[in-house]
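The values are calculated or read from the model by the stated rules, or taken from the named source; none is laboratory data. Computed from a predicted model, the values in this text were never measured in an experiment. Glycine also receives a Cβ, built like all others from the backbone with ideal geometry; neighbour counts cover every protein chain displayed.
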Amino acid sequence: MKKITVFILLIGLFLYTHNSAIASTYSTTLTDKDSNLNNVTLRQDLLCLMLAYPEYILNIEGNDQEGIYLLMKSGRKLLYDDKRNKSSDQKLANPDLQDTLEQVYPLSTVRNILDKDFDPGRCRVYGLLTEVYGTSKQSVESKLINVNAGNNHYQFNGNNKAADSLHAVMSELLPLAQGNSTIRNCIFPCSGTFNYRIIAGTNQLSPHSFGIAIDLAVNKGDYWKWSSRETAEKRLSTYPSEIVEAFEKNNFIWGGKWGHFDIMHFEYRPEIVLKARYFKEKQNSEELWYEGAPIQEVSVKNLIEKINLALRK
Ligand SMILES: [Zn+2]
């Protein structure tokens with residue numbers, strides 16, 4: 001009997017130690033993988049931000065413990081990730097840079113209103129916007145330039161190629177609008193660009209305050225606060241893809257791809273479009289985190305090296 005008991009105890013001990021060894025290997029693997037993914041996303045986000053705001057982001061500072069910061073031209077530092085768990089509403093009210101890039105904007109055609117909390121690009125870091133486009137109404141106004149579009153002109157921010165990009169969109173859309181009444185009626189009359197105002201129901205400035213957003217012709221199905229999803233989907237089903245593609249090609253996002261839809265609204269957000277263009281697919285390899293970006297371009301290659309250097313362990 002004694003021998004059998006000892007034998008069972010030994011087997012039990014073997015299974016116990018063996019299983020905990022497996023369990024600890026498994027959890028280490030998961031943690032490593034998670035941190036790899038975080039690292040990949042961090043680097044991809046930094047690259048998109050630095051490519052999107054090349055004159056305004058000078059460098060990356062800090063480390064994992066103290067936080068990673070973007071060093072801006074003014075000397076101000078912007079925190080990448082506050083490491084707080086937030087609800088969608090909290091992200092909207094108080095986002096960090098990581099929150100603004102978390103949902104990847106879909107560049108493919110969308111014919112249905114997306115999920116309620118899928119709003120890629122709808123949260124904005126105001127420290128970044130004020131740094132690039134102006135810190136007050138007067139300072140934004142001093143940067144506005146007129147973008148000509150046929151018989152009209154629209155005031156848009158001259159910084160960071162925002163106005164140049166709207167000009168490129170309009171140059172592409174005007175000839176199309178002349179020959180196509182659906183396109184023409186979705187663009188004109190344009191409902192406005194620069195308007196220094198708070199978003200209704202919030203205490204946050206609208207992106208129109210910075211001269212980086214344009215509302216095209218308005219329709220009763222356009223806005224989540226005054227339209228049903230059903231009416232909005234009817235509007236989406238006939239909305240010309242030529243308009244959306246011309247804007248996206250020039251680094252604008254469209255409010256028609258938000259669960260909180262705003263179909264007339266287009267907003268210049270190069271970092272959001274660059275992430276969608278380069279990093280739509282999940283990349284798990286830390287070494288090849290930049291795969292998808294145009295690494296043949298010298299500016300991209302230099303930034304990849306800068307990021308790797310700043311974040312070296
Ligand atoms: Zn708008």
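At a glance:
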| item | result |
| --- | --- |
| All positions within the stretch 237-254 that are within 12 Å of the ligand (Cβ to nearest atom) and in contact (Cβ under 8 Å) with a residue 40 or more places away in the chain | PHE252, ILE253 |
| The stretch 239-259: number of residues that are in a helix (DSSP H, G or I) and more than 17 Å from GLY121 (Cα to Cα) | 4 |
| Filter result (polar (S, T, N, Q) and modelled with pLDDT under 95) within the stretch 109-130 | THR109, ASN112 |
| Neighbours by Cβ (under 7 Å, 6+ apart or cross-chain): first from the stretch 212-224, in a loop (DSSP other than H, G, I, E, B); second among the charged types (D, E, K, R) and more than 10 Å from the ligand (Cβ to nearest atom) | ASN219/ARG235; GLY221/LYS234; GLY221/ARG235; ASP222/ARG235 |
| Subset of the stretch 142-168 [of a type outside the set (A, V, I, L, M, F, W, C) and under 25 Å from GLN178 (Cα atoms)] | ASN146, ASN148, GLY150, ASN151, ASN152, HIS153, TYR154, GLN155, ASP164, SER165, HIS167 |
| Count of the stretch 253-296 residues which are within 23 Å of VAL110 (Cα to Cα) and either at pLDDT below 95 or not hydroxyl-bearing (Ser, Thr, Tyr) (or both) | 29 |
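Condition check ((1) within 14 Å of the ligand (Cβ to nearest atom); (2) touching an Asp or Glu at 6+ places or on another chain (Cβ under 6 Å)) across all residues:
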residue	(1), (2)
GLN178	no, no
THR182	no, no
SER191	yes, yes
TYR196	yes, no
ILE199	yes, no
ASN203	no, no
SER209	yes, no
SER228	no, no
ARG235	no, no
